[in-house]
Amino acid sequence: MSTFRSIVFASVISGFIVGLIVTVVQQFGTVPLILKAEVFEKAAETHRHDAALAVQPAATGHDHAGHEHGAGDHDHGAGAWEPRDGFERNAYTAAANVLTAIGFALLLAGFFAVRSGTTGASVPWHEGLLWGLAGFAVFTLAPGLGLPPELPGVPSAPLLSRQIWWLAAVLATSGGLALIAFRRTVPAAISGVILLTLPHLIGAPELANIETNVPSSLTHQFVTAVTVTSLVFWTLLGGLTSTVFARFDRSAEQRA
């Protein structure tokens, strides 16, 4: 029970701190790029709406009713709730980042608990940093090679197929790294390399033709910003979670 408390406390503290830090980093990296892309997205939606009005047939009772129904549908979609720009949007972003960081910190702290129970020693911060880099490779780097982060207004393949491929890439990458790092035999290393490359040999789902008015330079900047932000997230989370968990776990051992 004391180990479980150490896992929870370390995860909450580390996740809260890292989530807030990453939120600040996003304000200077990804958020400005998303806002720029949303301008292009809204401009494209306005253009499509105007084009649809221009090709409307001569007004008849049936066509006019259909047009009014379409406009109503459009208003309904436009009226869907979303957080307002400014404090409300930033608050929801920070809350999502904190919850995400706590969730991944729980995963890391669980690994640290197993690791310390096996070796009899706490996981030092530099080893926690390596675990964080492994998380970056599993959840960002490997999936991002096939499915790079996308800005608003950029069309993409169907969601379900992308989710299936992303999950397969995560599982294959984590399994491959585990074989290479923990088995340390030639057959295991070969199997690990095969697992690492298999999702990319299969290929991620993608559209044959992508039409968007979002500049490619903006997309490249966004991919870079997301990757760097994720690297900051995982390195901080790995090092901080291992440090805080070691402190709580040591206190629990002393009390026992």
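The values are calculated or read from the model by the stated rules, or taken from the named source; none is laboratory data. Quantities reported herein were computed from a predicted structural model and do not represent experimental measurements. So basically every Cβ, Gly included, is an ideal-geometry build from the backbone, and we count neighbours across all protein chains shown. Heavy atoms of the whole protein, side chains included, go into the accessibility calculation; ligands, DNA and RNA do not. Shrake-Rupley method; radii C 1.70, N 1.55, O 1.52, S 1.80 Å.
Tabulated data for the structure shown
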item: Condition check for Phe182: over 27 Å from Phe40 (Cβ atoms), open to solvent by 40 Å² or more (accessible area, probe 1.4 Å) and assigned to a helix (DSSP H, G or I); result: yes
item: Residue tally, condition among the hydrophobic types (A, V, I, L, M, F, W, C) and open to solvent by 70 Å² or more (accessible area, probe 1.4 Å), over the range 1-11; result: 3
item: Cβ pairs under 9 Å, 6+ apart, first in the range 129-147 and more than 19 Å from Pro205 (Cβ to Cβ), second of a type in the set (D, E, K, R); result: Trp131/Arg115
item: Conditions (1) farther than 28 Å from Gly29 by Cα; (2) in contact with a Leu (Cβ under 6 Å, 6 or more places away or on another chain); number of the one not met by Phe136; result: (1)
item: Of the criteria (1) open to solvent by 20 Å² or more (accessible area, probe 1.4 Å); (2) within 27 Å of Gln27 (Cβ to Cβ), which one Thr241 fails; result: (1)
item: Some residue of the range 81-98 being hydrophobic (A, V, I, L, M, F, W, C), at pLDDT below 85 and open to solvent by 60 Å² or more (accessible area, probe 1.4 Å); result: yes
item: Complete set of residues in the range 203-235 that are farther than 15 Å from Leu147 by Cα, open to solvent by 30 Å² or more (accessible area, probe 1.4 Å) and under 20 Å from the mean Cα position of the chain (by Cα); result: Gln221, Val228, Leu231, Val232, Thr235
item: Checking Ile190 against (1) surrounded by 14 or more Cβ atoms within 10 Å (Cβ to Cβ); (2) part of a helix (DSSP H, G or I), the condition it does not meet; result: (1)
item: Out of Leu159, Leu147, sole residue that is within 27 Å of Glu41 (Cβ to Cβ) and either touching a helix residue (DSSP H, G or I) at 6+ places or on another chain (Cβ under 7 Å) or surrounded by 19 or more Cβ atoms within 10 Å (Cβ to Cβ) (or both); result: Leu147
item: Within the range 105-120, tally of residues that are among the hydrophobic types (A, V, I, L, M, F, W, C) and open to solvent by 50 Å² or more (accessible area, probe 1.4 Å); result: 4
item: Subset of the range 162-179 (residues that are under 30 Å from Pro32 (Cβ atoms) and open to solvent by 40 Å² or more (accessible area, probe 1.4 Å)); result: Arg162, Gln163, Trp166
item: Pairs where the first residue, in the range 159-181, is modelled with pLDDT of 95 or more and the second is open to solvent by 70 Å² or more (accessible area, probe 1.4 Å) and not polar (S, T, N, Q), C-beta under 7 Å, 6+ apart; result: Ala172/Leu198; Gly176/Val193
